[in-house]
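*Asks:* Quick one: the structure is below, questions incoming.
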Amino acid sequence: MPTQTEIKLVAYGLLISSVILHEISHGVVALARGDDTAKRAGRLTLNPVPHIDPFGSIIVPGLLLISHAGFLFGWAKPVPVNVGRLKSPRNDAVLTSLAGPGLNLVLVAICYAVLRGIHPESFWPAFLLFELGLLNLMLALFNLIPVPPLDGSSVVERFLPRKWWGPYLAIRPYTLIIVFGLVIIGQESGAYVHAYDSLYNWWANTTGYA
């Protein structure tokens, strides 16, 4: 069995890879719907360098790892999308936003299918597949929270009455504070650990990795 340090390093590598693929998927769907902003910015590449956010991809997760915080959190640079260039701006904006969590869930499904088709106890890469699936499940669920700038907010925005747009746009730049607050409160209250343990146990039982 891998050591705790090895698990953390693997988790870090899988997290960064997953968030980069998450961001690329936004750009791919935007391109399919008429906006090539991400392509022109060189953000549809699998090369991780253009996607790395020094603070969110290195400093934050790095500090969490060395401080034994008990959870891992990070992000890549957001892929630029010009909603006005989409074929159907309001509807395609939702599709573009949900492409990220959708990609994460596709990876979860692939990991599930492979884990169910092998014998985890005798196949060492099963550990990587298990961690990859678990991390992407967490990423998908977290990003579906309907608070800007998380992807789930696109659904709320799609059905927001016109009269509320002014106040909404006024507070939107500051809602990232709410996201950080949710992470901090969840950790300090123990809610994050409880949710993680529940998700871990469910994923382990579902995949047969328990």
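*Asks:* In the range 1-56, what count of residues is obtained for those that are assigned to a loop (DSSP other than H, G, I, E, B) and more than 18 Å from residue 98 (Cα to Cα)?
*Replies:* 11
*Asks:* Quick check on this structure: which one of 179, 155 is among the β-branched types (Val, Ile, Thr), surrounded by 14 or more Cβ atoms within 10 Å (Cβ to Cβ), under 23 Å from residue 99 (Cβ atoms) and within 15 Å of the chain's Cα centre (by Cα)? Write out each step before concluding.
*Replies:* Details: 155 fails: within 15 Å of the chain's Cα centre (by Cα).
Answer to the check: 179.
*Asks:* Does residue 52 satisfy the condition of being of a type in the set (Val, Ile, Thr) and modelled with pLDDT under 95?
*Replies:* On the way: of a type in the set (Val, Ile, Thr): yes; modelled with pLDDT under 95: yes.
The answer is yes for residue 52.
*Asks:* Take the residues in the range 157-193 that are assigned to a helix (DSSP H, G or I), in contact with a helix residue (DSSP H, G or I) (Cβ under 9 Å, 6 or more places away or on another chain) and not hydrophobic (A, V, I, L, M, F, W, C), then tell me which one is farthest from residue 89 (Cα to Cα).
*Replies:* 187
*Asks:* A further question follows. Within the set of pairs 6 or more residues apart or between chains, which connect a residue that is surrounded by 14 or more Cβ atoms within 10 Å (Cβ to Cβ) inside the range 189-210 to a residue that is in a loop (DSSP other than H, G, I, E, B) with Cβ atoms less than 7 Å apart?
*Replies:* Here the result reads 192/71; 196/71; 204/210, each pair linking the range 189-210 to a residue that is in a loop (DSSP other than H, G, I, E, B).
*Asks:* If you don't mind, there's one more thing I want to ask. Report yes if residue 87 is of a type in the set (D, E, K, R), in contact with a helix residue (DSSP H, G or I) (Cβ under 6 Å, 6 or more places away or on another chain), more than 19 Å from residue 145 (Cα to Cα) and in contact (Cβ under 8 Å) with a residue 12 or more places away in the chain, otherwise no.
*Replies:* No, not satisfied.
Yes/no matrix, rows are residues, columns are (1) of a type in the set (Asp, Glu); (2) buried (at least 22 other Cβ atoms within 10 Å of the Cβ); (3) at pLDDT below 95:
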| residue | (1), (2), (3) |
| --- | --- |
| 5 | no, no, yes |
| 22 | no, yes, no |
| 30 | no, yes, no |
| 44 | no, no, no |
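*Asks:* Just to be sure before I move on: is residue 130 modelled with pLDDT of 85 or more, in a helix (DSSP H, G or I) and either farther than 24 Å from residue 83 by Cα or touching a helix residue (DSSP H, G or I) at 6+ places or on another chain (Cβ under 6 Å) (or both) in the structure I sent?
*Replies:* yes
*Asks:* For the range 135-156, name all the residues that are among the charged types (D, E, K, R) and part of a helix (DSSP H, G or I). I'd like the intermediate steps shown before the answer.
*Replies:* As a first pass, look at the range 135-156 and keep what is among the charged types (D, E, K, R): 151.
Once the filter is applied, which keeps residues that are among the charged types (D, E, K, R) and part of a helix (DSSP H, G or I), the range 135-156 yields nothing.
For (1) more than 30 Å from residue 196 (Cα to Cα); (2) in contact with a Ser or Thr (Cβ under 9 Å, 6 or more places away or on another chain); (3) surrounded by 13 or more Cβ atoms within 10 Å (Cβ to Cβ); (4) of a type outside the set (A, V, I, L, M, F, W, C), each residue gets a yes or a no:
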position	(1), (2), (3), (4)
41	yes, no, yes, no
57	no, no, yes, yes
72	no, no, yes, no
79	no, yes, yes, no
91	yes, no, no, yes
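*Asks:* Same structure again: Regarding the range 69-87, can at least one residue be identified that is over 16 Å from the mean Cα position of the chain (by Cα), within 30 Å of residue 125 (Cβ to Cβ) and outside any helix (DSSP H, G or I)?
*Replies:* Yes - at least one qualifying residue is present in the range 69-87.
*Asks:* Kindly establish whether residue 113 is under 23 Å from residue 199 (Cα atoms) and either among the hydrophobic types (A, V, I, L, M, F, W, C) or not in a helix (DSSP H, G or I) (or both).
*Replies:* yes
The values are calculated or read from the model by the stated rules, or taken from the named source; none is laboratory data. All values derive from a computational prediction rather than experimental measurement. Reconstructed Cβ throughout: ideal geometry from the backbone, glycine too, with neighbour counts over all protein chains shown.
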